[in-house]
Amino acid sequence: MRIDRLTLHHFRNLHGLDLRPAPGINLVAGPNGHGKSNLLESLHFLCLAHSPRTRKDKDIIAWGEEAFVIRGEGILGDRPHTQSVEYREGGCRVKLGPGAGVSESRRLGDLLGHFLLVAFTPEDLDILRGSPQERRRFLDVLQCQHDPTGLEILRRYRQALRQRNAALRLSLRPEEEDLLSAYEATLAQAGVKIALSRLNLVRKLAPLAGEFYRVIGEGAEALNLQMTRSLGPTEDPVLLKENFLQKLREKRFQDRENGLTSVGPHRDDLLAFLGEKSVRDFASQGQKRSVALALKLASSRLLEEASGMPPILLLDDVFAELDAGRRERFGALIAGRSQVFIATPRREDLPFAVDQIFNLEHGQAV
């Protein structure tokens with residue numbers, strides 16, 4: 001799996017960019033502020049249908065322009081693949097597939113599941129020190145790459161959640177209570193699937209992350225991952241659905257007071273422990289960084305096992321954040337395994353040779 005050609009138009013400060021990446025390690029060099037992180041962000045958007053830096057996609061469009069365009073051409077297994085997105089405020093156009101077999105859609109989510117990608121950034125610490133929402137997002141993005149059908153389930157859940165929350169804020173007459181029941185039925189059906197898929201994902205992720213942490217961190221403590229389970233301990237889908245519906249009915253009065261749904265997988269959390277101590281509350285910065293890297297490496301391995309192909313890796317100024325020992329051990333784990341894009345202001349921080357260098361000056365490769 002690799003991208004052989006990347007073209008960008010009006011993506012932040014990058015315009016008219018036409019790059020031919022190497023299959024191995026690609027270094028994006030250049031002064032700060034000239035677009036290194038923007039280039040990696042464009043790859044992230046192309047493969048994962050969102051930016052890791054903003055929730056407002058319209059902010060990515062270059063100042064004074066109406067749209068940005070990203071196009072990637074490459075190889076999936078033994079076949080050519082092309083995908084592109086033209087995004088403008090109010091809509092987008094996604095194209096997938098080579099030659100005459102190109103399909104078009106208006107859904108960003110259709111970008112998922114083709115060019116698989118795992119990104120490493122300094123903000124990865126937010127997975128551990130941030131809110132539960134950051135950890136749920138990490139799991140959901142990974143799950144949607146692992147199984148793109150999960151995106152539609154998330155859509156149904158989020159829509160039903162918005163509808164129930166809106167209905168909670170209304171003064172419903174007794175005969176209108178059926179409206180809440182209808183939203184809750186959809187919420188429960190989709191919510192059970194999300195809860196079970198996350199649980200299954202964490203079970204696959206945990207041993208891989210534990211092994212990677214042992215190598216990177218050289219720590220004596222074992223890394224353990226657990227998923228909180230607000231719907232109950234059973235794994236029977238029928239019983240879980242019944243439990244969820246009962247909890248929703250029991251919480252209606254409280255939820256009306258707050259105008260929000262207080263129970264469901266949108267309240268669950270991924271917990272990480274070193275030994276018996278919470279990583280979020282007790283780990284050092286170095287330990288947290290090693291755990292975050294282990295989680296991302298485990299994600300990469302999981303996607304490789306599922307697809308038979310190692311995903312593309314993005315590393316945005318990661319090595320500068322590591323001490324010499326962790327830098328060497330982390331570098332040994334990624335070198336030679338897949339196509340890699342690295343943005344760093346200091347080439348000497350890299351513990352391996354690179355295959356291709358792109359120097360950016362004012363949004364252009366020189």
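Taking amide H atoms as placed 1.01 Å from N in the peptide plane, the amide H of Ala119 lies under 5 Å from those of Leu314, each 5 or more residues away in sequence or on another chain. Subtracting the Cα-Cα distance of Arg162 and Glu66 from their residue separation scaled by 0.36 nm leaves 31.6 nm.
Can you work out D for the range 45-95 in µm² s⁻¹ from Stokes-Einstein, where Rh is the Kirkwood radius over C-alpha pairs, the temperature is 10 °C and the viscosity is 1.306 mPa s?
For the chosen part, D equals 132 µm²/s.
For the residue pairs Lys58/Lys193; Lys204/Lys277; Lys58/Lys95; Lys251/Lys296; Lys247/Lys277; Lys193/Lys296, alpha carbon separations beyond 27 Å are given by Lys58/Lys193; Lys251/Lys296; Lys247/Lys277. Rounded to the nearest Hz, the phi-derived 3J(HN,Hα) couplings of the range 229-238 under the Karplus curve 6.51 cos²θ - 1.76 cosθ + 1.60 (θ = phi - 60°) are 9, 5, 8, x, x, 5, 10, 6, x, 5, where x marks glycine and proline. For His81, nonlocal amide neighbours, meaning residues 5 or more places apart or on other chains whose placed amide H falls under 5 Å from its own, are Gly74, Ile75, Leu76. Size of the range 83-214: Rg and Dmax of its alpha carbons, in Å, are 18.7, 59.
P(r) tail for the range 227-366: Cα pairs beyond 23 Å make up 59% of the total. In plain terms, the chain from Arg88 to Asn224 could stretch by 44.7 nm, reckoned as 0.36 nm per residue minus the Cα-Cα distance. Taking trypsin sites (Lys or Arg not before Pro) as exposed when DSSP calls them loop (any state but H, G, I, E, B) and at most 14 other Cβ atoms lie within 10 Å, what is the longest stretch of the chain free of them, the sites themselves excluded? Maximal segment without exposed cleavage sites: 170-345.
Dividing the summed helix terms, -39500 (n - 2.57) for each DSSP H run of n ≥ 4, by the number of residues in the chain produces a 222 nm estimate of -13500 deg cm²/dmol to the nearest 500. The mean sequence separation of alpha-carbon pairs under 8 Å and at least six residues apart, normalised by the residue count of the range 79-157, gives a relative contact order of 19 percent. Based on protein heavy atoms only, the range 232-311 ends up with 50 Å² per residue of surface accessible to a 1.4 Å probe. Kirkwood analysis of the Cα pair distances in the range 1-152 returns a hydrodynamic radius of 16.2 Å. The phi-based Karplus calculation (6.51 cos²θ - 1.76 cosθ + 1.60; θ = phi - 60°) puts the 3J(HN,Hα) values of the range 120-136 at 10, 9, x, 6, 4, 4, 5, 4, 9, 9, x, 7, x, 4, 5, 6, 5 Hz, whole numbers, x for Gly and Pro. Tell me the relative contact order for the chain as a rounded percent, counting alpha carbon contacts under 8 Å between residues six or more apart. Contact order relative to length: 26 percent.
Listed values for the range 301-315 are Karplus-derived 3J(HN,Hα) couplings in whole Hz (6.51 cos²θ - 1.76 cosθ + 1.60, θ = phi - 60°), namely 5, 5, 5, 5, 5, 6, 9, x, 9, x, x, 5, 10, 10, 10, and x replaces Gly and Pro. Take every pair of alpha-carbon atoms less than 8 Å apart whose residues are at least six positions apart; their mean separation over the length of the range 1-156 yields a relative contact order of 20 percent. Give the calculated FRET efficiency between Glu152 and Leu239 to the nearest 0.05, with a Förster radius of 30 Å applied to their Cβ-Cβ distance. In this case the efficiency is close to 0.80. Across the accessible surface of the range 271-366, with the other protein chains kept in place and a 1.4 Å probe, carbon and sulfur atoms take up 46 percent. Amide H contacts of Arg229 (H built 1.01 Å from N, in plane; Pro and chain starts excluded): no residue 5 or more places away or on another chain comes under 5 Å. For the chain, the share of DSSP beta bridges that are antiparallel, to the nearest 5, is 70%. Here the range 1-151 has 47 percent of its accessible surface on carbon and sulfur atoms, given a 1.4 Å probe and all protein chains in place.
If one puts a single equal scatterer on every Cα of the range 165-252 and applies the Debye formula without solvent, what log₁₀ I(q)/I(0) results at q = 0.14, 0.17, 0.26 Å⁻¹? Scattering profile of the range 165-252, log10 relative to I(0): -0.64, -0.78, -1.22.
The values are calculated or read from the model by the stated rules, or taken from the named source; none is laboratory data. Fair warning: this is a prediction, and the values are worked out from it, not measured in the lab. Cβ: placed from backbone, ideal geometry, glycine included. Neighbour counts: every protein chain shown. All accessible areas refer to the heavy atoms of the entire protein, side chains included, with ligands and DNA or RNA removed. Shrake-Rupley method; radii C 1.70, N 1.55, O 1.52, S 1.80 Å.
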